[in-house]
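Everything below concerns the one structure shown next.
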Amino acid sequence: MELSLKDFEVFIKEETIQARIAEMAEKICADFEGKDLVAVGVLKGSFVFMADLVRHLPPETTCDFLRVSSYEGVKSTGKVRIDFDLTQPIQGKDVLIIEDIIDTGLTMHCLMQRLSVRGANSISLCTLLDKPSRRKDDVDVSVNYCGFKIENRFVLGYGLDLDGKYRNLRDVYALRSEVEEAAGY
Ligand code: 5GP
């Protein structure tokens with residue numbers, strides 16, 4: 001079944017997202033006061049959230065990006081691949097990983113393991129959305145900053161895509177419950 005935007009409904013409104021980001025940023029600013037903070041966006045899904053979040057952070061914050069693939073369509077494949085890496089060393093830095101959504105946790109589990117050997121002063125994880133009920137038992141991922149904990153629904157917008165589309169929507173949308181089964185979710 002080919003899905004389009006009409007199969008989705010607004011789930012988290014722009015104003016709610018922005019208000020929550022301001023709250024999260026206040027906590028992050030307090031926690032990292034005086035630290036050498038590097039914001040690391042996990043592409044592509046985090047770019048909208050990251051752009052809004054970092055504009056609340058201290059001006060000395062640096063930004064870097066990496067790309068990890070683990071998803072095709074609406075179901076997690078469990079396959080994790082690093083497509084490209086950070087451009088700067090993180091040794092001695094305080095790293096804030098910025099993710100769009102944590103689902104099974106496999107992507108973050110794998111990424112954290114790889115980054116943990118690079119000599120950073122600290123590595124923290126910030127995600128806009130978290131689906132805790134989907135976490136795999138053998139996956140150990142601790143989320144330091146979470147925008148919204150959500151139930152197991154397929155979401156798009158505000159950076160999250162469906163086959164590459166809809167990342168530019170200002171709200172987060174969720175697949176309507178009446179089409180979930182037909183869509184195989
Ligand atoms: P995990 O490895 O935690 O299972 O999956 C994380 C990645 O799966 C996210 O970075 C995101 O790209 C994708 N993902 C998980 N759930 C959703 C969802 O509901 N919608 C979209 N568009 N992507 C999702």
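Across segment 159-164, rounded Karplus estimates of 3J(HN,Hα) from the backbone phi angles (6.51 cos²θ - 1.76 cosθ + 1.60, θ = phi - 60°) give x, 7, 10, 10, 6, x Hz, Gly and Pro being marked x. Note on surface exposure: 17, 101 rank 101, 17 by accessible area, highest first, 1.4 Å probe. Restriction of the GluC sites (Glu not before Pro) in segment 8-50 to DSSP coil positions whose beta-carbon has at most 12 other beta-carbons within 10 angstrom yields 33. With all protein chains in place and a 1.4 Å probe, the accessible surface of the chain carries 46 percent carbon and sulfur. Charge dipole of segment 104-182 (Cα centre as origin; +1 on each Lys and Arg Cβ, -1 on each Asp and Glu Cβ, all else neutral): 320 debye, rounded to the nearest 20. Starting from the Kirkwood Rh over alpha-carbon pairs, what translational D in µm² s⁻¹ does the chain have by Stokes-Einstein at 4 °C and 1.567 mPa s? D = 77 µm²/s. For segment 57-185, the solvent-accessible area with a 1.4 angstrom probe is 51 square angstrom per residue. Exposure check, 1.4 Å probe, all protein chains in place: residue 124 carries approximately 10 Å² of accessible surface.
Dipole magnitude for the chain: computed about the Cα centre from +1 point charges on Lys and Arg Cβ and -1 point charges on Asp and Glu Cβ, it is near 280 debye.
Highest GNM mean-square fluctuation, the chain, Cα pairs closer than 10 Å: which of 89, 58, 132? Highest fluctuation of the listed residues: 89. The loop-placed GluC sites (Glu not before Pro) in segment 122-185, going by DSSP, that have at most 11 neighbouring Cβ atoms within 10 Å of their Cβ come out as 151, 181. Comparing mean-square fluctuations of 52, 171, 130 from a GNM of the chain with C-alpha springs under 10 Å, the top value falls on 52. Positive-end ranking of 162, 51, 115 along the dipole of the chain, with charges on Cβ about the Cα centre, is headed by 115. Once the chain from residue 9 to residue 144 is taken as fully extended at 0.36 nm per residue, the excess over their C-alpha distance is 45.7 nm. Pairs with C-alpha atoms separated by more than 26 Å, drawn from the list 13/93; 27/149; 44/93; 27/93; 6/44; 6/149, are 13/93. Note on exposure: 169, 37 ranked by accessible area (1.4 Å probe, complete protein assembly) read 169, 37, with the most exposed listed first.
The values are calculated or read from the model by the stated rules, or taken from the named source; none is laboratory data. What you are looking at is a predicted structure, and each value in this text was computed from that prediction instead of being measured. For neighbour counting, all protein chains shown are included, and Cβ atoms are generated from backbone atoms with ideal geometry for every residue, glycine included. What goes into the accessible areas is simple: the full protein's heavy atoms, side chains included, and nothing from ligands, DNA or RNA. Shrake-Rupley method; radii C 1.70, N 1.55, O 1.52, S 1.80 Å.
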